[in-house]
Amino acid sequence: MFSIKSSRGSTALTTPLVIAISLFFIALLLVFCVNALMPFIWYEKLSSHSLKYIFVMEEYGYLTPDERNNLLIELASSGFDTDNVTISATVTPIEYGEPIFLEIVYNYDMVTPALNEGSLSTTEQNSTVVMNVSRQSISKR
Amino acid sequence: MINLKSLEDSKGEANLLLIIVLLGFVVMFIFLFSTAVLVSHINAIMYTVKVDMFTINRSAVIALNKKYERGEISSINRDAYYDYFKKVLQYNYKLDNNLEAGNRLIEKIDILQYEYYTGSTVDDVTGKAIDEPTIHAQIGVRVKPIVFRTTFSELFYFRIHQDVKVNRIAR
């Protein structure tokens with residue numbers, strides 16, 4: 001005779017345990033990877049927008065109110081929270097060959113889950129990453 | 001006679017092994033996917049730096065030409081272009097006099113080459129002939145690694161080259 005109960009019992013217990021622990025670590029890894037990547041992704045988006053609008057500014061000699069609104073609309077459509085965006089730029093028309101500038105500051109709220117002490121529940125830890133993209137060029141007006 | 005107990009044991013272990021291997025693949029996939037996304041976005045950032053280099057050098061040409069025409073400077077030479085390039089680079093990337101930005105994503109920039117070629121020469125980066133006035137610039141950009149900063153510091157160092165033909169800048 002054989003006893004199937006003991007052998008099946010050990011794997012029946014270990015397999016879900018291994019899966020649960022592994023999934024937990026995979027979830028942690030995913031969160032870590034996303035948190036590590038997000039600043040690069042937002043910075044790249046911000047950098048591209050600033051580059052586009054410094055070219056626009058070169059043509060007008062400053063950041064016109066309409067273009068400022070367009071910039072905010074484009075940032076919002078790219079996923080930026082415009083409440084956290086600050087735009088500083090040359091606001092009066094500048095003559096040909098004179099310097100113009102554009103600075104976009106974005107306060108990115110990074111939310112990181114953290115384990116509570118002595119339990120398996122998690123809380124969210126908020127930290128703000130300040131992203132600052134500056135561009136200087138000259139007016140071609 | 002077949003030992004059913006050992007058969008059940010080995011079947012259970014095989015299942016467990018299979019699950020571990022599958023999870024290993026999932027972890028590997030996450031790492032590879034994250035790396036691919038990271039590389040793609042760093043490339044995009046480096047491309048904006050390259051376009052920025054072009055913009056700065058073009059601005060330098062226009063600004064210095066204007067100063068020259070107004071008599072504010074007596075000549076336009078390599079040092080005048082270099083000073084303008086360095087000044088705007090410092091402004092755009094919030095760099096100090098050593099071209100370091102401390103705890104920022106682009107943490108350091110080295111100006112590896114900055115030349116103003118007026119005669120015929122050969123570009124030592126591309127190997128192509130240069131036969132018109134050209135500003136030749138090559139910079140090294142150090143991006144802050146998120147993890148394993150010491151190990152990855154060399155991997156996150158990028159060289160960017162940009163030539164600007166001075167006579168082709170619109171006036």
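Every number in this text was worked out from the coordinates using simple rules, so none of it is lab data. These numbers were taken from a predicted model, which means no experiment stands behind them. Ideal geometry is used to build each Cβ from the backbone, glycine not excepted, and the neighbour counts take in all protein chains shown.
Picking from residues in segment A:32-54 that are surrounded by fewer than 21 Cβ atoms within 10 Å (Cβ to Cβ) and of a type in the set (S, T, N, Q), the one that is nearest to B:Tyr47 (Cα to Cα) is A:Ser48. Residue under question is B:Thr134, and the condition is that it be of a type in the set (Ser, Thr, Tyr) and farther than 20 Å from B:Lys87 by Cα; does it hold? So B:Thr134 does not fit the description; no. When B:Lys87 is tested against (1) among the basic types (Lys, Arg); (2) closer than 15 Å to A:Pro99 by Cα; (3) in contact (Cβ under 8 Å) with a residue 40 or more places away in the chain, exactly one condition is not met: (3). In the set (1) touching a strand residue (DSSP E or B) at 6+ places or on another chain (Cβ under 6 Å); (2) surrounded by 18 or more Cβ atoms within 10 Å (Cβ to Cβ), the condition left unmet by B:His41 is number (1).
Evaluating B:Tyr82 against the criteria (1) more than 24 Å from B:Tyr116 (Cα to Cα); (2) crowded, with 17+ Cβ neighbours inside 10 Å; (3) more than 10 Å from every other protein chain (Cβ to nearest Cβ) leaves one unmet condition, (1).
Just checking, does segment B:19-35 include any residue being under 25 Å from A:Met38 (Cα atoms), polar (S, T, N, Q) and under 28 Å from the mean Cα position of the chain (by Cα)?
Initial filter on segment B:19-35 (under 25 Å from A:Met38 (Cα atoms)): B:23-35.
Filter once more, so that each one left must be polar (S, T, N, Q): B:34-35.
Going one step further and asking which of them are under 28 Å from the mean Cα position of the chain (by Cα), we end up with B:34-35.
Within segment B:19-35 (the criterion being under 25 Å from A:Met38 (Cα atoms), polar (S, T, N, Q) and under 28 Å from the mean Cα position of the chain (by Cα)), the answer is yes, since at least one residue qualifies.
Under the condition of being away from every other protein chain (no Cβ under 11 Å) and free of Cβ contacts under 8 Å to residues at least 24 places away in the same chain, the residues counted in segment A:39-62 number 1.
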